[in-house]
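Colleague: I'd like to ask you about the structure that follows.
Any read-out appearing in this document is the output of simple, stated calculations on the displayed coordinates, not a laboratory observation. Just so we're clear, the structure is a prediction, and the values are computed from it rather than from any experiment. Cβ: placed from backbone, ideal geometry, glycine included. Neighbour counts: every protein chain shown.
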Amino acid sequence: MDRLTSAFGPDFERGLRIMLDAVARAQKDDFPGASTTDMAAELGKLAGLRGRPPFFDYLGSGLGRGARVRLADGRWILDFTLGIGVHIFGHGNLDLIETAIRAAASDIVMQGNLVFNHEYPAMMEALLAHAPAGIDRCWLALSGADANENALKLLRQRRGGRPGVIAFHGCFHGRTSAMAEITDRPDYRVGQPSTFPVHYLPFYDRDDPSSAAKAADALRKIIARDGDRIAALLVELVQGEAGFRTAPRDFFVPLFEQCRAAGIPVWVDEVQTFGRVTELFATTWLGVEQYVDVITVGKMLQGSALLYRHELSPDPGLISGTFSGATVAMAVGRRIIEKLTAENFFGPDGREKQLENLTRKHLAQLSQRHPTKISHIDGIGAMVSFRVGDGSLNQTREFIQRAFANGLALYYGGHDPACVRLFLPAGVLTDAELYEAFEIMDRCV
Ligand SMILES: Cc1ncc(COP(=O)(O)O)c(C=O)c1O
């Protein structure tokens with residue numbers, strides 16, 4: 001029996017069943033009672049309040065089913081953006097709605113770092129049960145950037161206040177002041193001061209056979225010159241915002257070994273890769289557990305977390321805050337981990353790998369039909385990317401807007417060249433829906 005059912009009595013369980021049955025019936029019948037709104041007017045109002053227009057004419061109605069979402073104007077679209085990689089189980093997932101309702105009924109909306117309800121330790125346990133070997137401590141936080149801030153503070157403290165970070169060209173780590181300083185996008189920090197040293201290594205380039213040697217050489221020089229001012233090496237094992245750029249294990253291992261020899265901890269930012277790379281952790285997928293000291297996760301967790309080896313535990317007062325997550329988000333995040341690890345998503349025969357293979361097959365066919373227009377296919381599992389035309393931001397955005405007008409929401413990554421990123425809703429996407437998405441893309445090329 002669920003904890004709350006025993007506290008609230010059988011009426012709670014009966015009421016919950018009635019609600020869930022109503023949602024399931026409405027989903028099946030395409031929400032016959034759903035109203036529509038003047039989406040353009042609402043989005044115009046939003047743009048006015050925010051001072052910036054939205055990227056798409058997308059205002060969700062609050063209704064959806066699987067890979068499809070119903071917009072406020074009643075239009076249905078296939079969603080391959082997923083709130084930039086958050087909703088791996090798509091829209092209107094009844095299992096997650098049930099989890100959310102149960103959590104919503106339990107006392108408080110938000111949890112923090114002074115007193116905890118059941119959902120907080122349960123989320124930590126779920127994460128650590130599947131974390132790479134040796135990673136045995138956890139702090140929850142609200143966003144990916146928030147978890148990354150905590151990681152940076154922890155690492156600096158354990159490294160005696162050394163301020164610097166070694167990162168990679170093309171990296172993205174969030175939009176707080178410190179994360180914007182590390183993120184390799186000067187255009188995202190216009191008007192912001194530089195307050196600590198950030199050194200960049202070249203990321204793997206599959207067209208350059210000496211790519212690994214170049215990165216190793218650059219790291220050697222940084223360590224020789226500035227090694228005693230470095231807090232950590234920070235890496236995305238698959239670069240997210242740069243366009244789902246992958247690199248082989250052999251690229252990373254010599255870098256991690258150099259760091260180990262120099263006493264520099266390795267911090268893997270898995271905010272975007274978490275749950276998408278045919279394993280829960282990219283660190284495990286690449287088999288680099290023994291080199292990794294700190295991992296940050298977010299997005300599909302519905303919150304975020306800093307995971308680390310116990311030797312790195314922070315001193316009192318370094319990490320805390322009023323909020324560490326919403327009760328519903330913690331419960332749903334934990335259920336997502338349970339579902340992903342129990343329902344055959346991972347491994348070489350799991351659903352994510354199947355979808356990656358099928359997506360690559362569709363992309364290869366699209367590229368055959370439009371040889372000058374589709375190229376540079378990359379990614380892994382539920383994150384696959386490709387280049388459109390010359391990869392200019394203009395052409396890429398134009399393609400995305402055309403796809404959106406035809407019923408498919410896509411998003412881009414990288415700049416000069418940019419690419420289209422497919423965030424696949426692997427928890428629910430059918431082969432037929434993937435086929436339909438490619439029919440739309442074929443029309444839009
Ligand atoms: C690798 C990586 N780190 C950090 C972040 C920041 O996460 P958030 O937007 O939740 O602060 C992102 C967001 O896209 C990301 O991709």
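Colleague: Give me L16, L434, L301 ranked fewest to most by other Cβ atoms within 10 Å of their Cβ, as a rough exposure proxy.
Modeller: Starting with the residue having the fewest Cβ neighbours, the order is L16, L434, L301.
Colleague: If R0 is 41 Å, what FRET efficiency do you get for V86 and A213 from their C-beta distance, rounded to 0.05?
Modeller: 0.65
Colleague: Need one number: % antiparallel among DSSP beta bridges in the chain, to the nearest 5.
Modeller: Around 65 percent of the beta bridges assigned by DSSP in the chain are antiparallel ones.
Colleague: Normalised by the number of residues in the stretch 108-342, what is the relative contact order in percent for Cα pairs under 8 Å and 6+ residues apart?
Modeller: It comes to 32 percent, rounded to a whole number.
Colleague: Would you mind computing, in nm to one decimal, how far apart the modelled labels at E13 and R175 are, each placed 7 Å from Cα along Cα→Cβ?
Modeller: Distance between the two pseudo-spin positions: 4.5 nm.
Colleague: Using 0.36 nm per residue of separation minus the Cα-Cα distance, give me the extension gain between D187 and Y435 in nm, one decimal.
Modeller: Length difference between fully extended and current span is 85.6 nm.
Colleague: Please state the relative contact order of the chain as a whole percent: Cα pairs under 8 Å, 6+ residues apart?
Modeller: 20 percent
Colleague: Non-local amide H neighbours of L408 (under 5 Å, H modeled in plane, Pro and chain starts lacking H): which ones?
Modeller: Amide H to amide H, under 5 Å and 5 or more residues apart or across chains, L408 pairs with L78.
Colleague: For A104 and A224, what is the calculated FRET efficiency with R₀ set at 45 Å and r taken between the beta-carbons, to the nearest 0.05?
Modeller: 0.25
Colleague: Between the alpha-carbon centers of the stretch 277-335 and the stretch 368-445, tell me the distance in whole angstrom.
Modeller: Each part reduced to its Cα centre gives a spacing of 30 Å.
Colleague: Around G275, which amide H atoms from residues at least 5 apart in sequence, or from another chain, sit under 5 Å from its own amide H, with H modelled in the peptide plane?
Modeller: Close amide H contacts, sequence-distant or interchain: F281, A282.
Colleague: OK, next. Please say if the stretch 156-295 is rounded, prolate or oblate, where rounded means a/c under 1.5 for a ≥ b ≥ c the square roots of the C-alpha gyration tensor eigenvalues, and otherwise the choice is prolate for a/b larger than b/c and oblate otherwise?
Modeller: Note, shape of the stretch 156-295 comes out rounded.
Colleague: What percent do you get for the relative contact order of the stretch 251-338 when only Cα pairs under 8 Å and 6+ apart count?
Modeller: Result for the stretch 251-338 is 24 percent.
Colleague: Over 26 Å between C-alpha atoms is what I'm after, so list which of K214/K361; K299/K353; K28/K339; K153/K214 land there.
Modeller: Among K214/K361; K299/K353; K28/K339; K153/K214, the Cα-Cα distance tops 26 Å for K214/K361; K153/K214.
Colleague: While we're looking at this one, here's another question. What distance in nm separates the simple spin-label points at D73 and D29, each placed 7 Å from Cα in the Cβ direction?
Modeller: Spacing of the two 7 Å Cα→Cβ label points: 2.7 nm.
Colleague: Between A261 and R249, what length in nm is gained on full extension when 0.36 nm per residue of separation is reduced by their alpha carbon distance?
Modeller: 2.5 nm
Colleague: Ok, one more. What ranking do T372, T246 get, fewest neighbouring Cβ atoms within 10 angstrom at the top?
Modeller: Lowest count first: T372, T246.
Colleague: Assuming 0.36 nm per residue, please report the length gained on full extension of the stretch E42 to N394 beyond their Cα-Cα distance.
Modeller: Here the segment from E42 to N394 would lengthen by 124.1 nm.
Colleague: Which of the trypsin sites (Lys or Arg not before Pro) found in the stretch 153-201 are loop residues per DSSP with 14 or fewer other Cβ atoms within 10 Å of their Cβ?
Modeller: R175
Colleague: Follow-up. Could you check the simple spin-label distance between A405 and E289, using points 7 Å along Cα→Cβ, in nm with one decimal?
Modeller: Rounded to a tenth, the inter-label distance reads 5.1 nm.
Colleague: Sticking with this one: Could you compute the FRET efficiency for R309 and K361, with r as their C-beta to C-beta distance and R0 at 60 Å, rounded to 0.05?
Modeller: 0.90
Colleague: Each residue of the stretch 157-169 in order: what ³J(HN,Hα) in whole Hz does its phi give by Karplus 6.51 cos²θ - 1.76 cosθ + 1.60, θ = phi - 60°, with x for Gly and Pro?
Modeller: So the Karplus estimates, Gly and Pro as x, are 4, 6, 9, x, x, 4, x, x, 9, 9, 10, 10, 4 Hz.
Colleague: Give a residue-ordered list of calculated ³J(HN,Hα) values for the stretch 136-150 (Karplus: 6.51 cos²θ - 1.76 cosθ + 1.60, θ = phi - 60°; whole Hz; x for Gly, Pro).
Modeller: So the J values, rounded to whole Hz, are 9, 10, 8, 10, 8, 8, 8, 9, x, 5, 4, 4, 5, 4, 4.
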